[in-house]
Amino acid sequence: MKIYNSIIKYRNLYAFILFFLSILISVFTQNISVLIHTIVFFYLGFLLIKLIDKKKEEALSLYIFFFLIYYVFTFITDYIYVHNFNTDFFYALDSVKYYGLSVYLEKNNANIQRYLFEYRFAPGYGYIVYFICKLSNFIGGANTVFLHKIHIVFLSSSIISFTYIIGRNLLQNLDPRILFKYVLLFGFISHFFTFSAILIRDIHIVFLYTLSFLILTTKNNLTNFLMLVLLCFLVFQFRVANGLFSIIFILCFFYKNVLELKSKRKIRIYTVLLALLALIVIGLFNSLIDLSDIDDKATNYEAYHNEMLKNGSGLAKIIYKLPVIVRPFLFTILSQLAPIPAFQVTFLSVTKQYQLLLLPLAGSVIFWIYVDIIILFNFFKKKYRKNISNLLAVFLIISLLFILVTSATSPEFRRLLPVYPIIFIYFIFIYDKIKLSYKRNILTLYIMVYAMISIILIFFK
């Protein structure tokens, strides 16, 4: 466990390296705001994790380590690919919109109401941008893309740390050092490595969802209930659809009391009642809240998205032409497989250019299919169903439901990221129990089949 010991032992060194690099970047870019924002967001995550996980040091060590790794990766990608904020971006075209609006508003010395109006599609993001711009102006710094991405680094590294805490709370029979090794792998090879350098709101939603899952793994009390209500409200500020789904966390808070009942019959009855209540609450919420403006935007986006699918190419276009009833299931499968071959993620259709630093994302796509295969091959085995904790089983059901509902409208995997930490924890639960020979056989077979399919698709393209 040399890696485990070194990351914990040298965490202060990693923090020192981070601040030293932030000073160098501030000097190199002639922007003091980089140093100040790095300190602010780093310590925000530091204090949050200390508050959540007071006595343990593993989660904090993971946070510091990945903040440094993601910070360096973000600066490198920004330096190489983003020269003109009006046209340049790393992976996601949305980042041009998110940052471009902030430049426009800053030049016009806009107030908070103007920020919220311009970011009305995600008012929560508007508040963050307002804070970043005003703090930068106050200290005499410049408003740059990298400056805005620092808070994405904070969110991404926090997600990795939260994943460890959730895993430790749910997999209590697993050696924390082994769990640490798995989460370390997750931090490097999952989608969050690449998305730590991308300016999109999906990471904010992942952060809020993962924190909600984490709270549910602790004891029920009034504080945690109020925190879940607050987190649900915050999710609404970034994406309404995700906000509606997040109501399920509040219902899960009450369902935890049901799971403690000794009578299986009562558990089944209360489960059905709470499931019905979830549907009623979401229905009432839709009818009571004024969503007219949001509905218009959602309709416009859906029309745009459908048009893209109709006129596109590949499996997405074929699935779109199939009967509506089968689309959600096929889009769910597509969201877990696409793109094949994985290196296609490095090609940006908008600019018709390759971004080779997206290769880690290609690795994430390949890795995640392996995660899905391990889960799929072992999901129905009795020995896992019997040993899984009730709460992990509930989290898994919530995650699968989220994937199905979200994939029904879009096969984009980045929309599914909010539940990937839970899916990975369930993967750990299974993977740690299966034999090494089984793991090797599945991995070998998977690599061979994947390589063969990729070659065929390249040949016939």
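The values are calculated or read from the model by the stated rules, or taken from the named source; none is laboratory data. Since the structure is predicted, the reported quantities are computational estimates derived from the model, not experimental observations. All Cβ positions, even for glycine, are placed from backbone atoms using ideal geometry, and neighbour counts span all protein chains on display. Just so you know, the surface numbers come from the protein's heavy atoms only, side chains and all, with ligands and any DNA or RNA stripped out. Shrake-Rupley method; radii C 1.70, N 1.55, O 1.52, S 1.80 Å.
Numbers at a glance
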read-out	value
Residue-level accessible surface for R114, protein heavy atoms, 1.4 Å, Å²	80 Å²
Gyration tensor (alpha-carbon) shape descriptor, the stretch 36-75, a/c threshold 1.5	oblate
Sorted peptide list for 94-103, 447-456, 370-379, criterion being average Cβ within 10 angstrom, highest first	94-103, 370-379, 447-456
Label corresponding to Rg/Rh (Cα atoms, Kirkwood Rh) when calculated from the structure given, among (1) 1.11; (2) 0.95; (3) 0.97	(2)
For the stretch 388-403, 3J(HN,Hα) per residue [Karplus equation, 6.51 cos²θ - 1.76 cosθ + 1.60, θ = phi - 60°, Hz, x = Gly/Pro]	5, 5, 4, 5, 5, 4, 5, 4, 5, 4, 4, 5, 5, 5, 4, 4
Per-residue SASA entry for L334, accessible area with 1.4 Å probe, Å² rounded to 10	20 Å²
Helix-only mean residue ellipticity at 222 nm for the chain, each DSSP H run of n ≥ 4 adding -39500 (n - 2.57), per residue, nearest 500	-24500 deg cm²/dmol
Distance violations [Cα-Cα > 20 Å] among K97/K149; K9/K149; K381/K435; K9/K55; K219/K381	K9/K149; K219/K381
Cα shape, the stretch 363-461, gyration tensor, a/c 1.5 rule	oblate
Cα-based shape type of the stretch 1-67, given that a ≥ b ≥ c are square roots of the gyration tensor eigenvalues and the cut on a/c is 1.5	oblate
